[in-house]
Amino acid sequence: MKKRVCLTSRRRLLKLKHDAVSNPEHYTAGRQHEPLDVVEDWCLDFHLGNVVKYIARAGRKGDIVQDLEKAMFYLTRKINIEKESEKRGNKNG
């Protein structure tokens, strides 16, 4: 199995101020780790990255139930992709 190499987020090395594009408060305010940094550090794919993102912001930007439903949507899609991949005999998606 090939080992995935991830890039370290530059923002982890630099202290940046909150702004709507690169450091939105609904992801960063009062937190030690920004979800984007976690996603990059853990080498998560698109679907799992979105799960983390929506769980991290649940209740901090709009409706908590809607954010949790979005997380569940992406998690369900990822599960279905993995199940389909297993059927085809490919363990790594």
So, in the range 52-93, exactly how many residues are within 19 Å of V38 (Cα to Cα), of a type in the set (A, V, I, L, M, F, W, C) and not in a loop (DSSP other than H, G, I, E, B)?
7
Hits in the range 32-51 (condition: in contact with a helix residue (DSSP H, G or I) (Cβ under 8 Å, 6 or more places away or on another chain), more than 23 Å from E82 (Cα to Cα) and in a loop (DSSP other than H, G, I, E, B)):
E34
Y54 vs. criteria of a type in the set (S, T, Y), surrounded by 11 or more Cβ atoms within 10 Å (Cβ to Cβ) and in contact with an Asp or Glu (Cβ under 6 Å, 6 or more places away or on another chain)
yes
Candidate set from the range 15-70 (those that are in contact with a strand residue (DSSP E or B) (Cβ under 8 Å, 6 or more places away or on another chain) and not basic (K, R)); member that is modelled with the lowest pLDDT
L16
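The values are calculated or read from the model by the stated rules, or taken from the named source; none is laboratory data. These numbers come from a predicted model, not from an experiment. Neighbour counts run over all protein chains shown; Cβ positions are idealised from the backbone, glycine included.
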